[in-house]
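S.K.: Below: one structure in structure tokens.
Coordinate-derived values only; no laboratory data. This one's a predicted model, so the numbers in the text were calculated from it and none came from an experiment. A quick note on method: Cβ atoms are made from the backbone with ideal geometry, for glycine too, and the neighbour counts reach across all protein chains shown.
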Amino acid sequence: MPPGFGDGAGGDGSADGEPALSRKDFQSDQDVRWCPGCGDYAILSAVQRLLPELDAEKAEHVFVSGIGCAGRFPYYVDAYGMHTIHGRAPAIATGLKASRPELKVWVVTGDGDALSIGGNHLIHALRRNVDLQILLFNNEIYGLTKGQYSPTSERGKVTKSSPYGSIDAPFNPVRVALGADASFVARTMDRDPQHMKAVMEQSYDHSGAAFVEIYQNCNIFNDGAFFEFTEKETKPERALFLEDGRPMTFAEGAKGLRLDGLGLEVVDLENDRWSVADCLTHDASDEMLAELLGRIFWDDPDVNGDDQKLPRPFGVIYQTERPTYGDLLHTQIEGITEKKGTGDLDALLREGDTWTVGG
Amino acid sequence: MSQTDPQARSPNGPTDTEALPEATVLFAGDSGDGMQLTGSQFTLATAHAQSDLATLPDYPAEIRAPAGTTYGISGFQVHFGSGNVRTPGDAVDLLVAMNPAAVKVHLSRVERGGTVLINTDAFNDRGFKLADLDADPREDGTLEGYHVVEVELSKLTRKALSGTELSTQEMDRSKNMFALGLALWLFSRPTAPALEWIGEKFADKPEVREANRHVLKKGYHYGETTEQFATRYDVAPADLEAGTYRTIRGAEALALGLVAASDRSGLDLFYGSYPITPASDILHELSRHKNFGVMTFQAEDEIAAAGSALGASFGGQLGVCATSGPGLALKTETIGLATMTELPMVILDVQRGGPSTGLPTKTEQGDLFQALYGRNGDAPLPVIAPDGPADCFRAAYEACRLACTYMTPVILLADVYLANGSEPWKLPKAADLPPFEVDFATAPNANGHAGDGSNSDAHVNGKKNGEAAFLPYRRSGETLARPWARPGTPGLEHRVGGLEKEAETGDVSYDPANHQHMTDVRAAKIQRVTRDLETPEPYGGGAENADEGDLLVTAWGSTRGAVETAVDRLRGRGLAVSSLHLRHLWPLPPGLADVFARFERHLVPEQNNGQLARLLRDEFLLDFRPFGKVQGQPFTSGEIVEKAEAMIS
Ligand code: SF4
């Protein structure tokens, strides 16, 4: 690993005097072709701002994507990249990362790509704990195919393919990831570049499969899907920003979340009944807490009582350490090699019963 | 090798020994009877006796079908001889039938006058009922015209083990050893290899080890003492080329070929695989060889198996996957991506009966079209087919070499018969394998503009004119392959993907002329593979003027043995028939038009409904007559002889 590149764009350069990389170094020469106003731009920009700050060389980063608007992402980042086929990015990235563990492999995917056609690969990459950063751009719609409901679209959604309303129940991506035993599960939003960058950085630092759901506005086919959480009028009331060790408060401190039996309850911190001390404190390593937070979803009557809407959590919901697939794979290979010695091809071919003819 | 040599029999023994040029033995019984093991041990002994040989295991589709039923019959056929043995044998000389169902299933394969050795202990009403027989085949005329040898295998085995602590059930498990011993005696094969194998196999279970050895010897001695055999046989050693040999199954040979390719190229082997019959044996074999740096990845599905292999290839490793027909269908899209991204990738297809789930344990060559054409768009790729179990090694090695040299996916078509069949393999030396060097790109290959006029003022990868740049689609003039740049190499950062690529820069391009150009150049690149191929020579059984005649039988894959044996027989009858074997199905080797032109007629036997015949008609506009067999069993040479004779008489 080369010495660090300083701790920010325009930082002071590495030990050998080469200038530190900047955001520009990660911009390819390709014109970015997303629709003007698309949330993807902000995500791209956050990644390009983050990369120079990370402890890897430019050439060590690989972006692997599937199909959909998000799939174009690798073309715009000047690093190694592979724009693959629909849904398969986690599988392809698994082969790449497992066989080249020193690389930093990012998967860029969308709600249709990761949760519909590629659902199987996503859950298996998570359960195997392949050391990937998986960025799922969730816009709750099929954008590239011009607006059909997606596996995260809410029930009743009217789209080109559901003129009378979709009858499908949506996936909650965070719970899919938790269900697949992901070792890192986070949620962030395109409209909050600082938060997005901070969460991405945590996902990079995490050893193992890091799943990051990014609420992304598709202003063409599903404009405003997340405005409730992202726009300043409603964001304070509707978004809960999690920080490890900090109490779960929102609405500028006016409200908090407390445990009520086995469920969650919003409490008013401005009357005298409840105080911050009554609120839950976030602990990303707590699996049960992650379950509770993960269940906060627009359409879940079990969690969202009739008269109260729980705020949607953002930040690192769950994180745990467990061996990565690559570590296990290579430790096994090394162990066997140590025991049996480095393979000798001639000896292998002559294994078992041989006999000699003539001379 | 062995301490006791039961072969040291009295020269005045009761039986005569007759020398045979060749013989075929078929062991058949319940899956639980250990027939595969018995067959393998007979094969091993035969190999030690230096016969040439070919084997055909025949597994039931059911894992453990009810005992005694016809659908539970597991068979193992071995053909051995002092001459060149190329097939597992058209007609069986000795059928060892452990129960009535085995007779019912396999009697049709036995030569009239051939020997049928039956385990009489299973020939009872229960056995007939299980086999769905109305009567005892010994009494209803079924076995008329065969030399029937009745042996009480179970009783004799129990008797042999009477002094031991073993339970009756445990004793009965050894009865296949009795049959093996008897078969070894009958064909004058050595017992030492099997005795030694038993010693190793049951090293931890001395009782079982001694029981099996004892029963095997008893079986051998039984041959000496019983008066049921007027003659015993011997097959002289074959005139094999000098060298060190082992018997090898095709599946093992494929795995070893991959390990060899990894070893010689210096690339780590990444093997993505999803369990599927009959390709799983390759995964089993490879997962044993991790000390060669082999990474085996059991993927969540066929698609991920292919995807992970391609991901590894992008990373600069040797990405390989194996499957069978249904799995190849699922890998199609990934293979298309490998074609577009121009990355090396090897796909082994162990063909089985199709379509759909088809006949998972039976052999067929039905995937030729799928391999050649089964992708969207124009996406040619090299297709190679080994012609025998041992050739699987060379073909797997070659597939890897072609993939890396031409930056392309390569499909290797094996089949159930090749994968499960075995034959003697003259072991190559690692140092004698064809050189396999991989040149990764390490430095920029352009200076800021593409240089072909198409993009002369473009800033390539952000580089201005004159600044060093890397063009991921700038091709080698020789092979037309694009450079392979491993991620991690500074200065060569680039992007690949499934969208059409602009020539040289590899940028996404929707330009009509560029798509035409790239489609053409991808096809031209695959054609360059012919540089590495030689024109195959017709086989005429040693006849002069084998390269011309009345009929040319053109074949591919596992049918080679049956076809060449048929040619021997046809030439023996004075007919001007030759055969041509194609190991490369795409691109076809150079010079074929001239070869074909020297024959009047053309016959193409294959285990499908005429796929190669259609390809050849298309390429050469000649009347290639298809001869298809899709019965889950390989061709016999007799079938080909008959067809060929009908065509020219
Ligand atoms: S369709 Fe939607 S998601 Fe796609 S680029 Fe346009 S705005 Fe973005």
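S.K.: Using only the alpha carbons, work out the radius of gyration and Dmax of region B:16-235 in angstrom.
M.R.: Cα radius of gyration and Dmax of region B:16-235 are 16.3, 47 Å respectively.
S.K.: Also, quick follow-up: Can you return the lysines within cross-link range of B:LYS205? Criterion is Cα-Cα under 30 Å, with same-chain partners fewer than 8 residues away left out.
M.R.: Answer for B:LYS205, where 30 Å is the Cα cut-off: A:LYS339, A:LYS340, B:LYS155, B:LYS159, B:LYS175, B:LYS217, B:LYS218, B:LYS290, listed by chain and number.
S.K.: Here's something else I'd like to know. Put a dot 7 Å past each Cα toward the Cβ at B:GLU196 and B:PHE620; how far apart are the dots in nm?
M.R.: With each label point 7 Å from Cα toward Cβ, the separation is 4.7 nm.
S.K.: Exposure proxy check: B:TYR146, B:TYR406, A:TYR164, B:TYR71 ranked by fewest other beta carbons within 10 Å?
M.R.: Ascending number of Cβ neighbours within 10 Å: A:TYR164, B:TYR71, B:TYR146, B:TYR406.
S.K.: For region A:235-359, what is one quarter of the convex hull surface built on the Cα atoms, given in nm²?
M.R.: If I average the Cα hull's projected area over directions, I get 14.6 nm².
S.K.: Could you give the size of the charge dipole of region B:16-235 about its Cα centre, using +1 on the Cβ of each K and R and -1 on the Cβ of each D and E, expressed in debye and rounded to the nearest 20?
M.R.: Approximately 480 debye in magnitude.
S.K.: Turning to a different aspect of this structure: Fewest to most neighbouring Cβ within 10 Å: what's the order for A:ARG187, B:ARG598?
M.R.: Fewest to most other Cβ atoms nearby, the residues stand as B:ARG598, A:ARG187.
S.K.: Note down the magnitude of the dipole of region A:133-187 about its Cα centre, charges +1 on Lys and Arg C-beta and -1 on Asp and Glu C-beta and zero elsewhere, to the nearest 20 debye.
M.R.: 160
S.K.: For chain B, compute the orientation-averaged projected area of the C-alpha convex hull (one quarter of its surface), in nm².
M.R.: Mean shadow area of the hull around the Cα atoms is 31.9 nm².
S.K.: For the pair B:GLU500 and A:ASP29, what calculated FRET efficiency results from E = 1/(1 + (r/R0)^6), where r is the Cβ-Cβ distance and R0 = 30 Å, to the nearest 0.05?
M.R.: The formula returns an efficiency of 0.95 here.
S.K.: Let me ask another. Starting from the Cα of B:ALA646, step 7 Å toward the Cβ, then list every residue of region B:599-640 with an amide N under 11 Å from that point.
M.R.: Once the point is set 7 Å along Cα→Cβ of B:ALA646, B:627-628, B:639-640 turn out to lie under 11 Å by backbone N, inside region B:599-640.
S.K.: Taking +1 at the Cβ of each Lys and Arg and -1 at the Cβ of each Asp and Glu, which of B:GLY506, A:ALA42, B:SER108 sits farthest along the dipole of the protein assembly as shown towards its positive end, judged by Cα position relative to the Cα centre?
M.R.: The one lying farthest along the dipole's positive direction is B:SER108.
S.K.: Counting only helical runs of four or more DSSP H residues, what would the 222 nm mean residue ellipticity of the protein assembly as shown come to if each run contributes -39,500 (n - 2.57) and the total is spread over all its residues?
M.R.: Roughly -9000 deg cm²/dmol at 222 nm, from the helical runs in the protein assembly as shown.
S.K.: While we're looking at this one, here's another question. Between B:ASP432 and A:SER207, how high is the FRET efficiency from 1/(1 + (r/R0)^6) when r is the Cβ-Cβ distance and R₀ = 56 Å? Nearest 0.05.
M.R.: The calculated FRET efficiency here is 0.80.
S.K.: Sticking with this structure for a sec: Among residues other than B:LEU368 whose Cβ falls under 12 Å from its Cβ, what is the net charge (Lys/Arg +1, Asp/Glu -1)?
M.R.: Result for the local shell: -4.
S.K.: Please state, as a whole number in µm²/s, the translational diffusion coefficient that the Stokes-Einstein equation yields for region B:144-183 at 10 °C and 1.306 mPa s, with Rh defined as the Kirkwood radius across alpha carbon pairs.
M.R.: 144
S.K.: Continuing with the same structure: If the cut-off is a Cα-Cα distance under 29 Å, which lysines reach A:LYS58, setting aside same-chain residues fewer than 8 apart in sequence?
M.R.: Within reach: A:LYS24, A:LYS97, A:LYS104, A:LYS197, B:LYS463, B:LYS464, B:LYS501.
S.K.: Modelled label-to-label distance, B:ASN124 and B:GLN516, 7 Å Cα→beta-carbon offset: nm?
M.R.: The two pseudo-label positions are separated by 8.1 nm.
S.K.: Mind pulling up the Rg/Rh value for the protein assembly as shown? Radius of gyration and Kirkwood radius, both on Cα.
M.R.: My calculation of the ratio gives 1.05.
S.K.: Given H placed on each backbone N at 1.01 Å, which residues far from B:LEU603 in sequence or on other chains put an amide H within less than 5 Å of it?
M.R.: Residues meeting the criterion, in which the H sits 1.01 Å from N, are B:LEU552, B:VAL553, B:THR554, B:ARG625.
S.K.: Between helix A:325-340 and chain A, what is the angle of the helix's C-alpha long axis to the longest principal axis, kept within 0 to 90° and rounded to the nearest 10?
M.R.: 20
S.K.: Under 29 Å from the Cα of A:LYS157, which lysines turn up, not counting those fewer than eight places away in the same chain?
M.R.: Straight-distance partners of A:LYS157: A:LYS146, A:LYS232, A:LYS235, A:LYS309.
S.K.: Shifting gears a bit: What is the angle, in °, between the Cα long axis of helix A:40-50 and the longest principal axis of the Cα atoms in chain A? Nearest 10 is fine, range 0 to 90.
M.R.: 60
S.K.: Give me A:SER183, B:SER262 ranked fewest to most by other Cβ atoms within 10 Å of their Cβ, as a rough exposure proxy.
M.R.: Going from sparsest to densest Cβ surroundings: A:SER183, B:SER262.
S.K.: Follow-up. Based on the Kirkwood radius over alpha-carbon pairs, what is the Stokes-Einstein translational diffusion coefficient of region B:465-569 at 4 °C with 1.567 mPa s viscosity, in µm²/s?
M.R.: Value of D from the Cα-based Kirkwood radius: 72 µm²/s.
S.K.: Follow-up question, since we're still on this one. Provide the three semi-axes, in whole Å and in decreasing order, of the ellipsoid equivalent to chain A as defined by the square roots of 5 times the Cα gyration tensor eigenvalues.
M.R.: Gyration-tensor ellipsoid for chain A: 39, 24, 24 Å.
S.K.: To continue, here is another question. Could you work out the Kirkwood radius for region A:77-197, taking every pair of different alpha carbons, averaging 1/r and inverting it, reported in Å?
M.R.: 15.3 Å is the Kirkwood radius here.
S.K.: 7 Å from Cα along Cα→Cβ at both B:GLN633 and B:THR231: what's the point-to-point distance in nm?
M.R.: The modelled label-to-label distance comes out at 2.5 nm.
S.K.: Nearest 0.05, what FRET efficiency do B:ASP301 and A:ASP344 give at R0 = 25 Å with Cβ-Cβ as r?
M.R.: 0.10
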